[in-house]
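Taking it in order: structure first as structure tokens, then the write-up.
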Amino acid sequence: MQPFLRSALCILAPWAGMLAAAEAAESAGTAAFTLSALPYAQEALEPYISARTMGFHYTKHHQAYVDNLNKLVAGTPWANGSTLEQVVRESAGKADQGPVFNNAAQSWNHGFFWKSMKPGGGGQPEGRLLEAINKSFGGVEKFKEAFLTAAVAQFGSGWVWLVQEGDSLNIVKTSNADTPLVHGQNALLTCDVWEHAYYLDYQNRRKDFVKAFLDHLVNWEFAASQLK
Amino acid sequence: MIGNDKTQVSESVHVLAPLPYAENAMEPVISARTIGFHYGKHHKGYVENLNKLAAGTEFAGMTLEKIVAATAGNPDKAAIFNNASQAWNHTFYWHSLSPKGGGEPPAALKQKIEAAFGTVDACKKELATAATTQFGSGWAWLALDGDKIKVVKTPNADSPLTKNLKPILTVDVWEHAYYLDYQNRRADYVAAVLDKLINWNFAAGNLRG
């Protein structure tokens, strides 16, 4: 498919993201990594995240990280069946592998971010996750406050995460492509605070975006499924 | 020196430097909407945060440049560094643009550029590459290293001031600088700025300053 036709489809059809993913897999040939599927339609998170934001975020930013990664690993051992997690871990902290790490980690982080949300999300966590949140933060509302504070305090591009470390849960923020995967932490949830995640919808009001994420989008079932 | 500081910073309160043109003066390259948020929210926010952070501290009454120099590289002072440096960087950015920008640099600057890069186009190309490869938020700069012009990129709030370099021109590549107008197409924003808005006269003035 021609790039022009693909972008036209992205504008016209909410399912074009899935099509783009299928196409990437099909036309990749030797490409090692494919764009993970968006687990809902691009307009499914409206009004909290617009279809326009999702369109750029998924089919331009996320897609570009995957495409760049494939270019960077072509002809390296990473192109022969490594998982994305392996590439992230093996390239982390290596000065000469900065671009590989950035693109691999951003590919992974974005896939994790899409799963951290769902249409009709928000509400309350349940069961073991609720107990763990109560124990670590003193309640869900206190968790949300601390998550919001961390998200606003992350200076520049980055991510805010709920992670599991041993028996306790913590909130961590990472800059640019950095990710809990390479810090011995088990990620449960993330919110993207790169400006591209919210600028079309919220402009400078990052706090309002993260509040909407916590109140209306967060996928607690996914977070619970990540508990070890 | 101290006397100069006091004339520039009255009552230890930093003020948002005036925008040197109307908010719509950069259209169609940068929309009035973008400049409105960028100047009226982001830049203003940095100045206001700085004033809150500096009040009652050793930094009250210092110029932006002095705060930047005194806090750079100190993790305990990251918040005040970030806000002071961003306040400075943004004012420098507004002056790096002009509604009558683009075109050819004045002769003295052109000569220096040609000495360092061969041609003005090669200089613009290197600056554009720095701007598009700065991963995450940051800035691309032309700066003087001694007598030589070089291209520098800095992440987040960092600037050539912290590297003993003298800034002469900058392009903001935080996403908030271009996302409403160009979305993911940072390269298009940078190319348009370099072709149509870049204020070579301001850069030439900084060679002397």
task: Examine the range B:169-182 for a residue that is modelled with pLDDT of 95 or more and surrounded by fewer than 18 Cβ atoms within 10 Å (Cβ to Cβ), and state whether such a residue exists.
output: no
- prompt: Which of the residues that make up the range A:192-202 are over 22 Å from A:Thr179 (Cβ atoms) and in contact with a Lys or Arg (Cβ under 7 Å, 6 or more places away or on another chain)?
  reply: A:Leu200
Residue ID - nearest to the other protein chains (Cβ to nearest Cβ), chosen from residues in the range A:158-184 that are of a type outside the set (A, V, I, L, M, F, W, C) and under 16 Å from the mean Cα position of the chain (by Cα): A:Asn176
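Applying the selection to the range A:153-194, what residues are part of a strand (DSSP E or B), among the acidic types (Asp, Glu) and under 17 Å from A:Val88 (Cβ atoms)?
Correct list: A:Asp192 only.
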statement: Filtering helices (runs of 4 or more DSSP H) wholly in the range A:20-129 for at least 1 residues that are more than 29 Å from A:Leu217 (Cα to Cα) and away from chain B (no Cβ under 14 Å) gives A:63-73, A:84-91
- request: Please enumerate the residues belonging to the range B:144-192 that are small (Gly, Ala, Ser) and within 14 Å of chain A (Cβ to nearest Cβ).
  value: B:Ala157, B:Ser159, B:Ala177, B:Ala187
- prompt: In the list B:Ala60, B:Ala25, which residue meets the criterion of being modelled with pLDDT under 95 and among the aliphatic types (A, V, I, L, M)?
  reply: B:Ala60
query: Which ranges mark the helices (runs of 4 or more DSSP H) fully within the range B:27-138 that have 1 or more residues being within 14 Å of chain A (Cβ to nearest Cβ)?
result: B:32-37, B:44-54, B:64-71, B:78-96, B:120-133
Filtered residue count, the range A:135-184, keeping only those that are out of contact with any Leu (no Cβ under 8 Å at 6 or more places or on another chain), aliphatic (A, V, I, L, M) and in contact (Cβ under 8 Å) with a residue 40 or more places away in the chain: 6
message: Anything in the range B:159-168 that is out of contact with any strand residue (DSSP E or B) (no Cβ under 6 Å at 6 or more places or on another chain) and surrounded by fewer than 22 Cβ atoms within 10 Å (Cβ to Cβ)? List them, or say none.
response: B:Leu161, B:Thr162, B:Lys163, B:Asn164
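The values are calculated or read from the model by the stated rules, or taken from the named source; none is laboratory data. Fair warning: this is a prediction, and the values are worked out from it, not measured in the lab. Methodologically, a virtual Cβ is constructed for each residue, glycine included, from the backbone with ideal geometry; neighbour enumeration extends over all protein chains shown.
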